[in-house]
Amino acid sequence: MIRVVVADDQQEVRDGLAMMLSAEADIDLVGLAADGTEAVDLARADRPDVIVMDIRMPGIDGIEATRRITEEHHDDPDAVTAVLVITTFDADENLYGALQAGASGFMLKQAAPAGLAEAVRAVADGGAWIDPTVTPKVIDRLRDSTPVDAAGRPTLENLSKREIEVLRLMADAPTNTDLASMLYVSESTIKTHISRLLMKTGSHDRAQLVALAYRSGLVRP
């Protein structure tokens, strides 16, 4: 069973998403949150596999809540909660901030009836999910916004310590099984770290991540 929390400040939307997910045999809806603070508290108390997160909410918004949730378990890296941002893309440029904060994916609210359960399954398995209609724009935006130093080399300032460690080890081209063994975590956790690295750096695949490790100076030939 995939344990899921839904966070949205609009009750009708929250209830609608909950109804969709509750109809799936392999999804267990374990909580509802009306704002970012409640989402963070539920993530800490219930350790769900996935939080479906709106962005615009009162108090702590979805971006800050995502950042707190994804950084919560640095000392317990196997207790990973994936965040799936669900928002109205054209009205909310802040979704890029959510991806940088560590979200494993996002989708348009209007696509939820057809694709929500599939997206939840993807991020729960350590993968990434980006709404197909906006994938090119998101990748281009993230690639263009990758920080660089004075010499024009990409920096890693927006990555967590654990993500940098995974990126460094990837340069030796081990499998996910090897990485999991090196870091004493599950393969699902490794998949989640890699999906976040892809999101944060605007990389298309594992090969581009390895190239980034060399170009940034994290790994030397």
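Structure summary
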item	result
Residues located in region 97-115, provided they are part of a helix (DSSP H, G or I) and more than 13 Å from Arg67 (Cβ to Cβ)	Lys109, Gln110, Ala111, Ala112, Pro113, Ala114, Gly115
Conditions (1) surrounded by 18 or more Cβ atoms within 10 Å (Cβ to Cβ); (2) outside any helix (DSSP H, G or I); (3) not hydrophobic (A, V, I, L, M, F, W, C): number failed by Arg14	(2)
Tabulated pairs, region 36-51, first assigned by TED's automatic domain parsing to the domain that holds Asp125 and at positive phi, second in a loop (DSSP other than H, G, I, E, B) and surrounded by 24 or more Cβ atoms within 10 Å (Cβ to Cβ), C-beta under 8 angstrom, 6+ apart or interchain	Arg47/Thr81
Verdict on Ser195 being outside the structural domain of Asp125 (by TED's automatic domain parsing) and buried (at least 21 other Cβ atoms within 10 Å of the Cβ)	yes
Check on Gly97, modelled with pLDDT of 90 or more and over 25 Å from Ser186 (Cα atoms)	no
Members of region 20-61 that are outside any strand (DSSP E or B), aliphatic (A, V, I, L, M) and touching a Leu at 6+ places or on another chain (Cβ under 9 Å)	Met20, Leu21, Leu42, Ile55
Unmet requirement for Glu64, which otherwise passes all of (1) within 13 Å of Val6 (Cα to Cα); (2) within 14 Å of the chain's Cα centre (by Cα); (3) at pLDDT 90 or above	(1)
Candidate set: region 54-69, residues that are among the acidic types (Asp, Glu) and under 16 Å from Leu32 (Cα atoms); chosen: the one surrounded by the fewest Cβ atoms within 10 Å (Cβ to Cβ)	Asp61
Region 22-34 residues that are under 14 Å from Arg121 (Cβ atoms) and surrounded by 17 or more Cβ atoms within 10 Å (Cβ to Cβ), paired with ones that are acidic (Asp, Glu) and modelled with pLDDT of 95 or more (beta carbon under 9 Å, 6 or more apart)	none
Failed item, numbered, when Glu38 is tested on (1) within 25 Å of Lys191 (Cα to Cα); (2) modelled with pLDDT of 95 or more	(1)
Residues (touching a residue at least 60 places away in the same chain (Cβ under 8 Å) and among the β-branched types (Val, Ile, Thr)) located in region 1-20	Ile2, Val4, Val13
Evaluation of Val80 against (1) over 28 Å from Thr133 (Cα atoms); (2) assigned to a loop (DSSP other than H, G, I, E, B) (one fails), failing number	(1)
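The values are calculated or read from the model by the stated rules, or taken from the named source; none is laboratory data. Treat the numbers as computed from the prediction; the structure is a model and nothing was measured. Virtual Cβ from ideal backbone geometry, glycine too; neighbours counted across all protein chains shown.
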